[in-house]
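The values are calculated or read from the model by the stated rules, or taken from the named source; none is laboratory data. Computed from a predicted model, the values in this text were never measured in an experiment. With ideal geometry, Cβ positions are generated from the backbone for all residues, glycine too; neighbour counts draw on all protein chains shown. Remember, those area values only see protein heavy atoms, side chains included, never the ligands or the DNA or RNA. Shrake-Rupley method; radii C 1.70, N 1.55, O 1.52, S 1.80 Å.
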Amino acid sequence: MRRVMLGVGVFVAVTAIAQTGVGAGQTAPQGATAPAGDAAAGKLHYTFGNTSCTNCHGVEGQGAFGPALAGGRLTFERFRAYVRNPLARMPAYPESELTDQEIADMVAYFATIPAGAKPLAWRTPLPEGAPRGQQLAISIVGCAQCHGATFETPRHGAAEVSGDFDWFKRQVYDHTNAMREHWAQIDRSLQPLTPLPSGPPGRNRIRMGNYSPSRLPEATLKEMWAWMNDIGLYLPVLRGRITPAEPTPAARAYTVEVINTAVKGKGITTEGITVQVALPAGVTLVSATGNGYQGVHHSEEAKADVAAWKIPSLVAGDRQVFTVTLSAPASTLKGTMTWAKPAVKADGEIEFALAGPGGRGGRGGV
Ligand code: HEC
Ligand code: HEC
């Protein structure tokens, strides 16, 4: 009930402010001419580009958690005003992450799609009996439409730097600066993909906008923070990687690396790590090396024989390297990691696999 009422409150606020036309602090250019938009480019920015608008507005702007954008209802000025200074649940996107030209392109794209398509289901639905913090995240504020029902990535980000509430708050209110500062501390050589200098691998923009404290009060953020702490704030920043130790396709020897990719001297230590590599059907283990090797046993869960290792603790920036030699080359090889501390109530297993050509071979980003 509380949720429904809050939702209504938000929409009352939207209507009230929307009627005055312009929100406080809005910087829409007065009388500026809209850049000519290119619909094909707009489709790229919206669908495949550096944005995550589709998480809330649907892959073709048909609407989901957010309203429909298709149909050419919004002028460039209205569209831009909303993106730069949204009135309720959406974060604000500054020019650095979405340019006026890109906005004009999106407007041109939405004008090419007829209105009236059925809105999509929410990307992250609200589970039955969700606690208050999760309700905030999924349905009231909406962060989880991007971050998923258990906030895996923010918990992971917190672990990278042992983030506290002040870290969290800055990531929400001043995200586009805080995130770049966060990334600057990350050791890219430990990450799964080839790095870009100022952004995550594969893109150079920030996908989450900035929330305004006047629309998303700190007290609400504190409730979400308490919920994240309850699930287990720090999701270990372990990365597993399997690479052939001899030339493929004949490789029978593989290297298994387990890396704590958190920021050295700052991020969390993970304790009581169990690493398992499943042996493909019909393949046996010839030999294995590495500290903490436990031998091979049958795992019901993996439905396979698994080679296992135990790592007492792995501090931020450290790695452990193991090897396995098999009786025959493996086309796929999969591993899992679980850990004892920090304890978590969700997302308690990390999977990794043999890196194919250009493959990620480990956990990825958001
Ligand atoms: C967290 C979900 C979310 C994300 C991500 C999001 N939006 Fe929104 N958007 C909304 C919601 C919800 C509304 C309705 C008003 C409100 O609650 O802010 C909205 C409203 C809008 C509006 C105004 C629509 C109208 O009819 O007046 C525009 C334009 C818009 N969004 C564009 C975008 C673009 C472009 C992006 C990506 C850069 C984006 N949105 C990302 C949730 C989101
Ligand atoms: C448009 C999708 C989207 C929405 C909505 C969103 N985030 Fe994010 N968030 C991201 C992405 C993507 C990143 C990684 C960097 C970036 O912004 O590109 C991120 C990063 C973060 C981080 C930094 C740690 C990390 O690397 O994950 C925190 C903390 C965070 N978000 C919390 C929140 C909270 C709290 C909300 C709601 C108030 C929210 N986010 C809403 C997409 C989103």
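Among 91-99, 237-245, how do they line up by average Cβ neighbours within 10 Å per residue, starting with the highest?
The packing order, highest mean first, is 237-245, 91-99.
Within the set Lys266/Lys310; Lys118/Lys334; Lys222/Lys334, which residue pairs have Cα atoms separated by over 28 Å? Can you show the working numbers first?
Numbers: Lys266/Lys310 24 Å; Lys118/Lys334 40 Å; Lys222/Lys334 38 Å.
From the list (Lys266/Lys310; Lys118/Lys334; Lys222/Lys334), the Cα-Cα distance tops 28 Å for Lys118/Lys334; Lys222/Lys334.
If the chain between Thr323 and Arg132 were fully stretched, how many nm would it gain, using 0.36 nm times the residue separation less the Cα-Cα distance?
64.2 nm
Of Met179, Trp227, Val161, which is farthest on the positive side of the dipole of the stretch 132-232, counting Cα position, with +1 on Lys and Arg Cβ, -1 on Asp and Glu Cβ, and the Cα centre as origin?
Met179
What is the percent of Cα-Cα separations in the stretch 238-353 that go past 25 Å?
21 percent
If you average the sequence gap of Cα pairs under 8 Å that are 6 or more apart and divide by the length of the stretch 132-232, what percent do you get for the contact order? Before the final figure, lay out the partial values.
Numbers: 82 pairs, mean separation 35.2, N = 101.
It rounds to 35 percent for the stretch 132-232.
Relative to the present Cα-Cα distance, how much length would full extension add between Asn229 and Ala245 at 0.36 nm per residue of separation?
1.8 nm
If you take the beta carbon distance between Arg78 and Ala149 as r and set R0 to 35 Å, what does 1/(1 + (r/R0)^6) give as a FRET efficiency, to the nearest 0.05?
In this case the efficiency is close to 0.60.
Which whole-Hz ³J(HN,Hα) couplings does the stretch 296-304 yield from phi under the Karplus relation 6.51 cos²θ - 1.76 cosθ + 1.60, θ = phi - 60°, glycine and proline marked x?
Values per residue, Gly and Pro as x: 9, 9, 7, 10, 5, 5, 7, 6, 6 Hz.
From largest accessible area down, sort Phe110, Phe48; use a 1.4 Å probe on the protein chains.
My answer, sorted largest first, is Phe48, Phe110.
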